[in-house]
1. Would you point out which residue out of 155, 179 is assigned by TED's automatic domain parsing to the domain that holds residue 325, outside any loop (DSSP other than H, G, I, E, B), out of contact with any strand residue (DSSP E or B) (no Cβ under 7 Å at 6 or more places or on another chain) and closer than 30 Å to residue 259 by Cα?
2. Test of understanding: among 320, 347, which residue is touching a residue at least 24 places away in the same chain (Cβ under 8 Å) and in a loop (DSSP other than H, G, I, E, B)?
3. Failed condition for residue 303, given (1) at pLDDT 95 or above; (2) closer than 30 Å to residue 366 by Cα, with all others met?
4. Collect the residues in the range 220-262 that are in contact with a strand residue (DSSP E or B) (Cβ under 8 Å, 6 or more places away or on another chain), assigned to a loop (DSSP other than H, G, I, E, B) and buried (at least 17 other Cβ atoms within 10 Å of the Cβ), keeping them in residue-number order.
5. Residues of the range 425-455 being more than 16 Å from residue 171 (Cα to Cα) and either free of Cβ contacts under 8 Å to residues at least 12 places away in the same chain or outside any helix (DSSP H, G or I) (or both), which ones?
6. Consider residue 361 against the criteria (1) out of contact with any strand residue (DSSP E or B) (no Cβ under 9 Å at 6 or more places or on another chain); (2) part of a helix (DSSP H, G or I); (3) in contact (Cβ under 8 Å) with a residue 24 or more places away in the chain: it satisfies all of them except one. Which criterion is unmet?
7. Please enumerate the residues belonging to the range 378-395 that are more than 45 Å from the chain's Cα centre (by Cα) and within 12 Å of residue 414 (Cα to Cα).
8. Please state which of the following conditions residue 204 fails to meet, knowing it meets all the rest: (1) crowded, with 17+ Cβ neighbours inside 10 Å; (2) farther than 30 Å from residue 431 by Cα; (3) free of Cβ contacts under 8 Å to residues at least 60 places away in the same chain; (4) touching a helix residue (DSSP H, G or I) at 6+ places or on another chain (Cβ under 6 Å).
């Protein structure tokens, strides 16, 4: 074994690492996805070391050129990853030493793998937040498109999954939009705490070299530095916070999925999901299964699991860095991948959803959805609300016996329960009249839906 092939972290040890232990403790199989961020951080570190006269200009340039060559090799799948070198950091550093010789050994001056990996994870998460935010925005925009197209489509609104009051489908889509808007706020808030630089904390106590952390932060685009070296290398609360955001977002997508699954069933038949987002049955030829929303509903539990994994990982770690923290990456990476895929497929699926307006309207006519409108009508006539509530309850009970909707009852039939009811009652008992009457900020009236869409688009 040549000097350059030797495990870079093995000088203290008198015996080689057990082969199985070497494989068991290695992280390169999954942390190599951070190679670009690792090289980015190393270039910034070398640049800073030159600025403070720890490296010469020539040494800096050799290191940077070597790192750029390594990045090209990895990009082109020409890099040989080694389990023996444990992780992405040591693999790259080992290759650098092979490329440029002794100068390569100077790169690690003033840093540790502890602050290096903390920096890499933050850089990687920061980079991945960009496409996640983009896909979340695309989904929000798609929801507005659907809401605009269906701003006056009437459907039953539910509480307890029982018909409650008529609403517009556009209004329902805007409810989903509001959930995602809060998720976006949480992501943007989380991003602030991701964007802090740990590099310079070294192993746990800082370094004796005259480093310039503010300059490194500037080079890497960090808004601030982690102010305590112990905290900088040991905590992963930023990753936990991201997973918390992701869990809430997936919870919302799961709720959307539950509704789409119900709505696409033969019993409801409110929507048709595009064939590209469904599968058939292996035995029942008539089936069209809503696999995408079902799978996203299932993947939500996986993201929850990743959050709990990270919380449990951190809960009993003393300061500062512990090997436990190697286990932070796989759940974080999995959440990122799951979230990106779920957002992408959701936006694509909703863009081609077909709304069955007639079926929705017929469903809204069942369940006496305008009963509250009758109560409100009576209150406006001077009847106390509790008395109006009783009148409507009796009216509904009568209508059920007659197997009629409230709007189908005659004036004489309605007046037997209250002499305050007159001919104008039928204007409020229609589905259209019911939704139109809720014409205030946040209401389901088509006019308000259009206004809400306009406001939402201005804020995208």
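1. 179
2. 320
3. Tallying (1) at pLDDT 95 or above; (2) closer than 30 Å to residue 366 by Cα, residue 303 fails exactly one: (2).
4. Across the range 220-262, the qualifying residues are 222, 226.
5. Those that are more than 16 Å from residue 171 (Cα to Cα) and either free of Cβ contacts under 8 Å to residues at least 12 places away in the same chain or outside any helix (DSSP H, G or I) (or both): 427, 430.
6. (1)
7. Once the filter is applied, which keeps residues that are more than 45 Å from the chain's Cα centre (by Cα) and within 12 Å of residue 414 (Cα to Cα), the range 378-395 yields 378, 391, 394, 395.
8. It is condition (3) that residue 204 fails.
The values are calculated or read from the model by the stated rules, or taken from the named source; none is laboratory data. The shown structure was predicted, so the numbers you read here are calculated from the model rather than taken from an experiment. Counting neighbours? That spans all protein chains shown, and the Cβs are built from the backbone with ideal geometry, glycine included.
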